[in-house]
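S.K.: Dumping the structure here so I can ask a few things about it.
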Amino acid sequence: MPPVSFIQANTNGRLHAAHDPSISPLNRGFLYGDAIYEVWRTYDGVIFGWEEHWERLRQSAQALYLDLPFSSAEALHEIKRTVAAFRAEARFSGEVYIRLQITRGGGAIGLDVALADRPDFVLLVQPCPMLSPEVLRQGLRLAMATGLRRNPAESLNPAWKTGNYLNHILCLREARARGADEVVILNGGGAITEAAVSNIAFVRDGSVVTPPLNAGILGGITRQLLLAKIAPAAGVLASEANVVPAELATMQECFLLSSTKDLTPVSAIDGVRFTVGPATVTARLKQAFAGYARTVAETRSDLKV
């Protein structure tokens, strides 16, 4: 039986183990980061946020003048094939992580997009990462990046979910070198933006505040749902506002938001500590999110994988 670390891949419709070669060394995603991607996860075996993630993928493609190689229906068909192959090979029936990357393709070496031949896609499926009981109980420790700032929207817009993650990688490297689990990245104006692969939010006096899109962040799907549906349903006021490091001491709680792990509690950013535990607003919102995800799963049998 393949180990749980097995990852199923689908390259342009060809199913194979992810460790097997599948793209040309001339692929522009490999050479230049000329690519976009999205990640979904399942709840009760149902793909969560299918339309929202697809729309963001479409917007990223439009921003990069990149043609998608298939429709949403065709993409969903390929995803279902890939998940089925993964479940059969890994004998795994739990929740899965689904990553779809689309590149501009291959061609002659050179930056000119006219050199690209055709878009390529790669799907990856593996078990969905789960938060450990220790993280839920104690929270993550974050560190503020000091060496780099978030790239501004006027250069490579953080709202585009591209294959270029060097900014995040280097900021996270600094935080990990200082003993933290994750990083907090500031923009050029010194305001907090987000973590390496998650949005961030704070709780002050019972209300949630999260950096606005124009601070220079990715428009996270979980963040979007929190503001529009989850917080209102839980009776929690949630709003967008710029947050600077000097304000951290006024916040009682902090949490990260991502598609694969929904809400993750944070215990500290550098020397500033936050409350973590079952009596927090964060825990209440996390429970409300879980209820929302279950409701979606019960009504979207078309997205069962």
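For every residue, the table says whether it meets (1) at pLDDT below 95; (2) polar (S, T, N, Q); (3) farther than 28 Å from Thr295 by Cβ.
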| site | (1), (2), (3) |
| --- | --- |
| Ala195 | no, no, no |
| Asp205 | no, no, yes |
| Asn242 | no, yes, yes |
| Leu248 | no, no, yes |
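S.K.: List the residue pairs whose Cβ atoms are under 7 Å apart, where the first residue sits in the stretch 278-304 and is free of Cβ contacts under 8 Å to residues at least 40 places away in the same chain, the second is outside any helix (DSSP H, G or I) and buried (at least 20 other Cβ atoms within 10 Å of the Cβ), and the two are 6 or more positions apart or on different chains.
M.R.: Cβ pairs passing all conditions: Lys286/Asp262; Lys286/Leu263.
S.K.: Do the conditions hold for Thr210, that is, is it modelled with pLDDT of 95 or more, surrounded by 22 or more Cβ atoms within 10 Å (Cβ to Cβ), among the hydroxyl-bearing types (Ser, Thr, Tyr) and under 18 Å from the mean Cα position of the chain (by Cα)?
M.R.: yes
S.K.: OK, next. Just a yes or no: is a residue in the stretch 261-269 at pLDDT below 95 and buried (at least 17 other Cβ atoms within 10 Å of the Cβ)?
M.R.: yes
S.K.: Continuing with this model, one more query. Filter the stretch 88-113 for residues that are charged (D, E, K, R) and in contact with a strand residue (DSSP E or B) (Cβ under 8 Å, 6 or more places away or on another chain); which is farthest from Thr162 (Cα to Cα)?
M.R.: Ranking the qualifying residues of the stretch 88-113, first place goes to Glu89.
S.K.: Filter the stretch 250-263 down to residues that are among the hydrophobic types (A, V, I, L, M, F, W, C) and within 20 Å of Thr295 (Cα to Cα), then give me how many there are. Outline the logic, then answer.
M.R.: If we filter the stretch 250-263 for residues that are among the hydrophobic types (A, V, I, L, M, F, W, C), which is where we start, we get 251, 254-257, 263.
Going one step further and asking which of them are within 20 Å of Thr295 (Cα to Cα), we end up with 257, 263.
The number of residues fulfilling the criteria is 2.
S.K.: Also, I was wondering about something else. Take Ala196 and decide whether it is under 30 Å from Phe30 (Cβ atoms) and surrounded by 19 or more Cβ atoms within 10 Å (Cβ to Cβ). Even if it seems obvious, please write down each step before you answer.
M.R.: On the way: under 30 Å from Phe30 (Cβ atoms): yes; surrounded by 19 or more Cβ atoms within 10 Å (Cβ to Cβ): yes.
Considered against the rule, which asks whether it is under 30 Å from Phe30 (Cβ atoms) and surrounded by 19 or more Cβ atoms within 10 Å (Cβ to Cβ), Ala196 comes out as yes.
S.K.: Output the strands (runs of 3 or more DSSP E) that fall wholly within the stretch 2-62 and possess 1 or more residues being closer than 26 Å to Phe289 by Cβ and assigned by TED's automatic domain parsing to the domain that holds Ala90, or say none.
M.R.: Correct list: 35-43.
The values are calculated or read from the model by the stated rules, or taken from the named source; none is laboratory data. Everything numeric in this text was worked out from a predicted model, so none of it was measured. Don't worry about glycine lacking a Cβ; one is built from the backbone with ideal geometry, like all the others, and counts go over all protein chains shown.
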